[in-house]
């Protein structure tokens, strides 16, 4: 099952895609011309697409970045982006969980995902001749997942186990403690996995509403890299992803909490202040936190 992975590569890919998209619409002195094997496209439904041809590769990799992660969460939704990443591997309107895995295995594919602060990334890699089937499976998961009720509690248990492991990991605890101080008043102060309390309180209908709000094509960036012809690939993308309807992505507007790149309510620590925080090991819901002047 996919797990939470922090990697800067996909964030850099998002930045590259945005820069290339801007360059394709207006002259930019920093970018004079795209390489012949690189092209940027915008589907009618708002999905941005970056194509990079490399005929030396026997495979094709399709990454779809959904612009939702823990940086857009509150204490009510903390951990929901990551929870949803897990749930999308549990079945769609046309495939059961077993059929999803069997269909990917049948085409020799690799299907995985990861969640970070600003995005959730879904990756599909297959032999070049099977990429259409791989994209059909990926689009099915992205747009037509059912989040089965009978699988929900199981996935909650898996995520709670992931959280419990971080309590025994000094690096994970150090990171959590530091971000809680550095980003007080901002969603970045929350752990991407969520907390015991937020995951336990979560129900399927809340997550399904979160899914329908964020998993729309105009909130997604796609990159395709490998052995393909760009004209043929773009046609397949339009047929498989282009028919999905765009949506209005709602973001909460709170008076004391910042989301995304907003810093209005970010409370920076005062100079000279020392913070002492530790876990006693008695309850996964309790950590002691002492600000010392």
Q) How much length, in nm to one decimal, is gained on full extension between residue 110 and residue 54, taken as 0.36 nm per residue of separation minus their Cα-Cα distance? A) 18.3 nm
Q.
Give me 41, 82 sorted ascending by neighbouring Cβ count inside 10 Å, so fewest comes first.
A. 41, 82
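Treat the range 39-191 as a sphere of radius equal to its Kirkwood radius over Cα pairs and apply Stokes-Einstein at 20 °C in a medium of 1.002 mPa s; give the translational diffusion coefficient in µm²/s, rounded to a whole number.
The estimated diffusion coefficient comes to 123 µm²/s.
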Q) What area, in nm² and to one decimal, does the C-alpha convex hull of the range 8-266 cast on average over all directions? A) 15.2 nm²
Q. If r is the Cβ-Cβ distance from residue 239 to residue 182 and R0 is 35 Å, what FRET efficiency results, to the nearest 0.05?
A. 0.20
Q.
Please report the projected area of the range 132-245's Cα convex hull averaged over all directions, in nm².
A. 10.1 nm²
Q. Can you tell me the Rg and the Dmax, both Å, for the Cα atoms in the range 119-166?
A. 14.8, 42
Q: Give the peptides 67-74, 252-259 in descending order of average Cβ contacts within 10 Å, highest first.
A: 67-74, 252-259
Q) Taking only the alpha-carbon atoms of the range 149-194, what semi-axes of the equivalent ellipsoid follow from 5 times the gyration tensor eigenvalues under a square root, in whole Å, largest first? A) 24, 14, 4
Q: Evaluate the relative contact order of the range 95-242 (contact order divided by residue number), counting alpha-carbon pairs under 8 angstrom at least 6 apart; express in whole percent.
A: 21 percent
Q) Full extension from residue 229 to residue 248: what is 0.36 nm times the residue separation minus their Cα-Cα distance, to one decimal in nm? A) 3.6 nm
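Bear in mind that the values in this text are calculations on the coordinates, not laboratory data. As the structure is a prediction and not an experimental result, all values here were calculated from the model. Glycine gets a Cβ as well: all are built from the backbone with ideal geometry, and neighbour counts include every protein chain shown.
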